[in-house]
Amino acid sequence: MRASFAAGLLALVALAVAGPAAARDRDFTHPPFAARTSGHVGVSVTFRHAARHVRISLGGRGSRVERIPGTRTAFYAVVSASGGMRAGQMRTATLSWSGPSGPRSHTMRLYVHRRFPGGRG
């Protein structure tokens, strides 16, 4: 179980350092991404500018948010998937943070993927 969780976190790091892609919003380098990992759902967020006090909820559930080591803009969150949060579903995500221009918040629908890019399963 720990191995698959660690593999999911490594995939989050890979997402955060990948080259720029078309973002849905001007606040993000990459669109936020959610994927199921052994009993949890991981959410990856990469902002265009440094962020502080990041909060992420998925499907109304709060999460533990961590900064990806060595970055000021990439974060991941781990949300408990108990109670039926499965891959293939759309969930409402709320992202709140403080940036250079003050506090910001976005609410969007995220698709919960089966796995992270490059992951197994």
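How much of the accessible area of region 25-121, probe 1.4 Å, is carbon plus sulfur, in whole percent?
Working: 2400 of 5130 Å².
C and S fraction of accessible area: 47 percent.
Counting only the Cα atoms, region 24-121 fills a convex hull of 98 Å³ per residue.
Extension gain for ARG55 to SER80 (0.36 nm times residue separation, less C-alpha to C-alpha distance): 7.5 nm. Packing, as the average of other Cβ atoms within 10 Å across residues, places the peptides 39-49, 85-95 in the order 39-49, 85-95, highest first.
Across ARG52, ARG72, ARG104, the residue with the most accessible area heads the list, and the full order at a 1.4 Å probe is ARG72, ARG52, ARG104.
Surface analysis of region 43-117 yields an accessible area of 55 Å² per residue, using protein heavy atoms and a 1.4 Å probe.
The values are calculated or read from the model by the stated rules, or taken from the named source; none is laboratory data. From a predicted model like this one, the values you see are computed outputs, not experimental measurements. Glycine gets a Cβ as well: all are built from the backbone with ideal geometry, and neighbour counts include every protein chain shown. Heavy atoms of the whole protein, side chains included, go into the accessibility calculation; ligands, DNA and RNA do not. Shrake-Rupley method; radii C 1.70, N 1.55, O 1.52, S 1.80 Å.
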